[in-house]
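For reference, the structure discussed in these notes is given below.
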Amino acid sequence: MAAQTSARGKRESAVVHSVGIVLAVAALGMLAAAMVESIDRGTHADELAFSGLIVGGIGLALRSFAVAPVRLPTAALFRAALASWIALTLASALVYQWTGTFSNFGDSLFESVSGVTTTGATVLHPIEGTPAGVLFWRSTTQWFGGMGVLALAVTVLPLLDVGGLETSAAAPGAEGRHRDPRGRPIFRNVLALYGILTVLVVVGYLAAGMSLFDAVNHSFTTVSTGGFSTHDQSFAFFDSAAVEWVAIAGMLVAGASFALLWQALRGRPGSLFRSTAVHTYVGVVAGTALVAILSNRVTSGLDVGAVRSELFTVVSLTTTTGYRLLDYTTWSFSLQAILLFGIAIGGMSGSTAGGFKATRLVAITSYAWRELARSLHSALVRPTRVGQTALDEDLASRIMGFTVLFLGVILAGTIGIAAFDADVVTALSAATTSIANAGPGLGAVGPTETYRNLEPGGRAIAAFVMLLGRLEIFPVLLGLAGATGWQRARADRRREHPARELP
């Protein structure tokens, strides 16, 4: 089918339009990084500014070339989402290359994927000594990534019925339907909340004694649950109880549903406090923290500072933020296994956190309990429930399908990473923390290590798993399938009409 043209004579393309917007926004971050580098009297301000001008020019050119279609099929939405994330990743990698941050493009690409997906796994070492503008850009990629997650939750995931904001108003419509205008004000609301939370965390960090540079950078990576730090020791560098409490509060809020938080701020707190997903999210974090604190009291005794550090570590990992304060690989193996489970579950749908999500955990638990009851009473009729909400069978089967894919990606990722000479503990934790977008894991990718300990092939697999996890698997697979189908259809049309100019 030939490309459609808008009333203004522009080509209609969701992919080109979305990529143009993403690159134009990314350029603003690069120019801001150039200003930071210039203020710090660094030597890479020109490279950062040049990156911003080039990327911004490409973005504006794409925006002038195409507009978003009035009718937006679901397949086109998937392609646009996937293309936008890939475009931002490549743009970020070019910044690292042009500033000489890494000696090879593979490391630049890995750091970029980790930043944009808000994973926080790094190959940058040492961090201290890296130009201030580059560190600012590195944190900004995670802040952009968190913004992208919220956009994904509003526009894409509700179409799949396996995730997204926990409100029916977020769903923008079905295949071929006109774009639902409700998605835009919802996104504006959650984006406003995202910005407000960022400012509040900056103020909190400043009040706790951080420098302005550290406060801004860490606010970006706190509200995005990204975990990049400007110091090699991460939060252990600050050695401050006040700083740690601000971070704990920021991570917990960022791991909750922004839709429910917005409703609570608008005078409907009951929607937040009655939510089964909230109860599950808080229960996983609190339960893991309680087990860690009680378990470690046997060896370290009752110490307020130790308890706070353990709470910080559990919150950082279960919200998939990944800040480091202590070496949790010294904890018991059983406790490390519980931590890995908490990482895999992650935060809530509609948050910036990664992981399987609390809502899905409730759904599959209800589904499993129902099937167990059916095995005893074959005539039993019981729906799958999330709290008081009964899920239809189609939705329940979609969630089960996602569960199988989620576990399958962990298995495939573990095997793939292990094939590049990683031990089983390292491979399993790297695959789990990559799909959960949590960053540090166990073994050779533990909190005191970097992902440089993985072979380049293992890092490539981990990077792809990060992208799958951040885009909730389905959009990536459907986007790739849609792109492949589009290319095949285009080739068929060329064979049928060799003299015709096709889009």
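The values are calculated or read from the model by the stated rules, or taken from the named source; none is laboratory data. Note that the structure is predicted; figures quoted are calculated from it, not measured. Note that we place each Cβ from the backbone using ideal geometry, even for glycine, and neighbour counts take in every protein chain shown.
Quick look at the values:
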| item | result |
| --- | --- |
| VAL362, sole failed condition from (1) out of contact with any strand residue (DSSP E or B) (no Cβ under 6 Å at 6 or more places or on another chain); (2) hydrophobic (A, V, I, L, M, F, W, C); (3) touching a residue at least 40 places away in the same chain (Cβ under 8 Å) | (1) |
| Among (1) in contact with a helix residue (DSSP H, G or I) (Cβ under 6 Å, 6 or more places away or on another chain); (2) within 20 Å of VAL243 (Cα to Cα); (3) surrounded by fewer than 17 Cβ atoms within 10 Å (Cβ to Cβ) - the single one LEU311 does not satisfy | (3) |
| Odd one out for ALA390, checked against (1) over 24 Å from the mean Cα position of the chain (by Cα); (2) modelled with pLDDT of 95 or more | (2) |
| Some residue of region 443-451 being among the aliphatic types (A, V, I, L, M) and either in a helix (DSSP H, G or I) or under 14 Å from the mean Cα position of the chain (by Cα) (or both) | yes |
| Lone qualifier among THR352, THR321 - being of a type outside the set (Asp, Glu) and under 27 Å from THR384 (Cα atoms) | THR352 |
| Lone qualifier among VAL315, VAL298, VAL253, VAL278 - being farther than 26 Å from LEU152 by Cβ and out of contact with any Asp or Glu (no Cβ under 7 Å at 6 or more places or on another chain) | VAL298 |
| Of all residues in region 203-240 being among the aliphatic types (A, V, I, L, M) and crowded, with 21+ Cβ neighbours inside 10 Å, the one that is nearest to GLY255 (Cα to Cα) | VAL223 |
| Residue count for region 246-271, restricted to those that are part of a helix (DSSP H, G or I) and more than 22 Å from the chain's Cα centre (by Cα) | 5 |
| Of all residues making up region 327-339, the number that are surrounded by fewer than 18 Cβ atoms within 10 Å (Cβ to Cβ) and under 26 Å from ASN217 (Cα atoms) | 1 |
| Qualifying residue in region 291-302 (condition: in a helix (DSSP H, G or I) and under 26 Å from the mean Cα position of the chain (by Cα)) | yes |
| Close pairs from region 379-391: first under 11 Å from THR365 (Cα atoms), partner modelled with pLDDT of 80 or more and among the aromatic types (Phe, Trp, Tyr), Cβ under 8 Å, at least 6 apart | THR384/TYR367 |
| Helices (runs of 4 or more DSSP H) within region 1-118 that include 1 or more residues within 28 Å of ILE435 (Cα to Cα) and touching a strand residue (DSSP E or B) at 6+ places or on another chain (Cβ under 9 Å) | 14-39 |
| Selection count where residues are out of contact with any Phe, Trp or Tyr (no Cβ under 6 Å at 6 or more places or on another chain) and outside any helix (DSSP H, G or I), scope region 357-386 | 10 |
| Residues that are closer than 15 Å to TRP143 by Cβ and among the β-branched types (Val, Ile, Thr), drawn from region 17-48 | VAL22, VAL25, VAL36 |
| Matching entry among ALA396, ALA390 (being in contact with a Ser or Thr (Cβ under 8 Å, 6 or more places away or on another chain), surrounded by fewer than 16 Cβ atoms within 10 Å (Cβ to Cβ) and over 21 Å from ASN437 (Cα atoms)) | ALA390 |
| Selection from region 101-135 of residues that are surrounded by fewer than 18 Cβ atoms within 10 Å (Cβ to Cβ) and either basic (Lys, Arg) or free of Cβ contacts under 8 Å to residues at least 24 places away in the same chain (or both) | SER103, ASN104, PHE105, GLY129 |
| Lone qualifier among PHE213, PHE220, PHE228 - being under 17 Å from the mean Cα position of the chain (by Cα) and in a helix (DSSP H, G or I) | PHE220 |
